[in-house]
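In what follows, a structure is listed as structure tokens, so that the remarks can point back to it.
Only the coordinates and a few stated rules stand behind these numbers; no lab work does. Since this is a predicted model, take the numbers as computed values, not measurements. Cβ placement follows ideal geometry from the backbone for every residue including glycine, while neighbour counts extend to all protein chains displayed.
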Amino acid sequence: MAVYWCTEVLPLAVTALLPTILFPVLGIMESKDVCMQYLKDTNMLFVGGLMVAVAVEHWNLHKRIALRVLLLVGVRPALLMLGFMGVTAFLSMWISNTATTAMMVPIVQAVLDQLNGNNVENISCPMELEELSDEDEESKRMSKGLLLSVCYAASIGGIATLTGTGPNLVLIGQMNQLFPQNGDVINFASWFVFAFPTMVLMLTLAWFWLQFLYIGCNLRRTWGCGTAQSEKERAAYEVIRDEHCRLGRMSYGEMSVLALFILMVALWFTRDPRFMDGWFVILTQTNVLKTFSRCYGELRGIFKNLPII
């Protein structure tokens, strides 16, 4: 680390975090003991999740995922709300609720601008003006519903994972302090198994309730049963497709971040899934860590016995 700090082959902050990886791998200290020298181990978990989230936001990977899903679900009012809520909840599982909402709201607003576009200059009689006024009221209600759906979905999605929102990590930190002999009963996999079905249920109920309040229960209009797309819906779909096309092809950075994100989630789930031996248990039971630890002990003994010059 001293050599890396002097030569700056890595950023200074990255070099400072090397013990959090190398000490547990070499069998010198446990990860929770190393992390306590920086922050609490639960806070270090949150910091690691934030690092990946910042990388995802930097390369606009979350925007690509959101636009791709919206292209799949279409722009019918009920399906559009479901698409926005599903994407927001999924992104909020890994990225902070505030950042997810800040990213999704401009997309919602751009789609609403196309869906709510009115041709006032083409009005020729008072009856058309009255119909237009009714359409404006419906458009305002739908706009409120879609914007609220994004906010609610961000809060609901954050409960599904340990790193989704800060209070989850506060809970596990308090659990470890109050019950130090809990046997690590709350980990990423066990929390997900408990919280993910709850999140799906709450998201579905919120979708039905917001749809009932702000869109209505007219299946023919909201779901588009047996009807063709209107001009406004086609324009809104074009807005989403143009935004997606502007992103271009996936860059090397996006693919790298996506691969690291998938690897991180897989390692979180498989560390100690309880119903089978995780990779951490397998590593500790084999001689991998013991070999590293023995080599380190031999090197330490060699340097300890060297004569002082």
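As an exercise, find the ratio Rg/Rh for region 145-199 from alpha-carbon atoms, using the Kirkwood inverse-distance average for Rh. All intermediate terms of the calculation are to be shown ahead of the outcome.
Values: Rg = 13.4 Å, Rh = 12.2 Å.
On the Cα set of region 145-199, Rg over Rh gives 1.10.
Using DSSP to call loops (not H, G, I, E or B), can you name the GluC sites (Glu not before Pro) in region 1-65 whose Cβ has at most 12 other Cβ atoms within 10 angstrom? Mind dumping the intermediate values first?
Working: sites: Glu8, Glu30, Glu57; in loops: Glu8, Glu30.
Taking region 1-65 and a limit of 12 other Cβ atoms within 10 Å, the loop GluC sites (Glu not before Pro) found are Glu8, Glu30.
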- Note on the structure: Fewest to most Cβ atoms within 10 Å: Leu112, Leu263 sort as Leu263, Leu112
- Message: So if each residue of separation counts as 0.36 nm, and I subtract the Cα-Cα distance between Leu72 and Ala259, what length gain in nm does that give?
- Response: 65.0 nm
- Coarse-grained scattering of region 1-114 at q = 0.17 Å⁻¹, given as base-10 log I(q)/I(0) from a Debye sum over alpha-carbon atoms: -0.86
- Two pseudo-spin positions, 7 Å from Cα along C-beta at Ala266 and at Leu26, lie apart in nanometres by 2.8 nm
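In this model, which of Lys144/Lys232; Lys40/Lys144; Lys63/Lys232 are farther than 29 Å apart at the alpha-carbon?
Exceeds cut-off: Lys40/Lys144.
Which of Trp59, Trp279 has the fewest other C-beta atoms within 10 Å, and how do the rest follow up to the most? Mind dumping the intermediate values first?
Details: Trp59 20, Trp279 13.
In order of increasing Cβ crowding within 10 Å: Trp279, Trp59.
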- Which ordering of Cys245, Cys151 is given by a fewest-first count of other beta-carbon atoms within 10 Å? Cys245, Cys151
